[in-house]
Each structure stands twice: as C-alpha cells, then as structure tokens.
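Please read the structure below before turning to the comments.
The values are calculated or read from the model by the stated rules, or taken from the named source; none is laboratory data. Everything numeric in this text was worked out from a predicted model, so none of it was measured. Methodologically, a virtual Cβ is constructed for each residue, glycine included, from the backbone with ideal geometry; neighbour enumeration extends over all protein chains shown. Please note that ligands, DNA and RNA were not included when accessible areas were found on the heavy atoms of the full protein model with its side chains. Shrake-Rupley method; radii C 1.70, N 1.55, O 1.52, S 1.80 Å.
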Amino acid sequence: MKPAVTLKQASPGDLEEVMKIENTCFGADAFSRWQIAYLMTRAKGLFLVAEHNGVTAGYLSFIISRRHHTGRIYSIAVAPGYRGLGIADILMDKTIACANEKNLQAVFLEVRTDNTAAIRLYEKKRFITRAVKHNYYNGGVSAYRMALSLQTQPERGK
C-alpha cells in the first residue's frame, strides 16, 4: 500500500518544518531562514511541501526563468525518517510536469558528486550531467550540474 503523500504550495506557516528538514539534510550547506522564506513567498516558481500522513516530510524549490525558458531546482530534501517512500520521486514528477506545462526547454540542478541516491533519482528522470563545478559545496565538495531537456522550442505567446 502506498503511503498517503500529498503535495501543496508552501506557505509561511510551513517555514519552521521546512527549516528543520533543511538543516538536518544540509548542515553547513543549508540555506538560511531568510533564503527559504524568500524562495517560499517571493521567488518565481514553485515551492512544494510534501506531507506524509499530515506530517511535513520533504520539499522542493523550483525557480522559473521565463526569459530563458528554463527552470532550476534550487533545493529538494526529504527528512531522514521518510526516505525510501518515493517522496522525492513524487516531488520531481510534479516539478517536471510543471516545467512541461510552462513550456520550458530545460530544467537544471546541482548535486553533490558524492550523493549517489540523488544522482540515481535524477538519472531515472532523464537528467544528464553537463559539467562538474569544483569546490561548489562546503568542505570543497564538487557538484555535478545536471540538465533535463524538455523540448526544442518553447511555444510562443503563452
């Protein structure tokens, strides 16, 4: 039986729970409270919160550049106790569907080169590695810049 996972657009009331997940998952690389609040309330795109049986279990921040017809996944995280339930998969599917609805050409993201679970998920979603960004994360850890091509030309006038 699949877990009861629901997605919603984040609101300021979700900030505390999202910050707990952010700090637990990213430690020294975590975004600040101000950055998360900005991404939730002012950035152009989506900030999805995933709830598992009513408890905040994960989130995804997606920024859209209408000028470049692209999107960027700024952050995705699932609380340790909720990993392996397909929550990141659900968040990614919703984000990719949004990108397609908005007629974006591509979606980009960065991922730590040592985060094999995330890399597997992104490759499953057809992202490919485009570059390595050396010393991207705290402690000198490098990142892969990955991209998902969605279409060759955006529809104009939308």
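Figures for the structure shown
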read-out	value
Top of Gly27, Gly71, Gly140 by mean-square fluctuation, Gaussian network on the chain, Cα under 10 Å	Gly140
Sites Glu16 and Arg83, calculated FRET efficiency, Cβ-Cβ separation with R0 30 Å, nearest 0.05	0.90
Length gained when the stretch Asp114-Ala97 is fully extended (0.36 nm per residue, less Cα-Cα span)	3.4 nm
Note, ³J(HN,Hα) from phi for the stretch 28-33, Karplus 6.51, -1.76, 1.60, rounded to Hz, x at Gly and Pro	5, 8, 5, 5, 6, 4
Counted charge near Leu91, where neighbours are those whose Cβ lies closer than 12 Å (Asp, Glu -1; Lys, Arg +1)	0
Neighbour cut-off at most 15 other Cβ (10 Å), DSSP loop, trypsin sites (Lys or Arg not before Pro), the stretch 50-91	Arg66, Arg67, Arg83
Fraction of accessible area attributable to carbon and sulfur, the chain (%, probe 1.4 Å)	50
Those GluC sites (Glu not before Pro) in the stretch 82-158 that DSSP places in a loop and that have at most 12 other beta carbons within 10 Å	Glu155
Under 22 Å between alpha carbons - lysine pairs in the stretch 1-142 that sit 8 or more apart or on different chains	17
Along principal axes, Cα extents of the stretch 1-115, largest first, whole Å	38, 35, 32
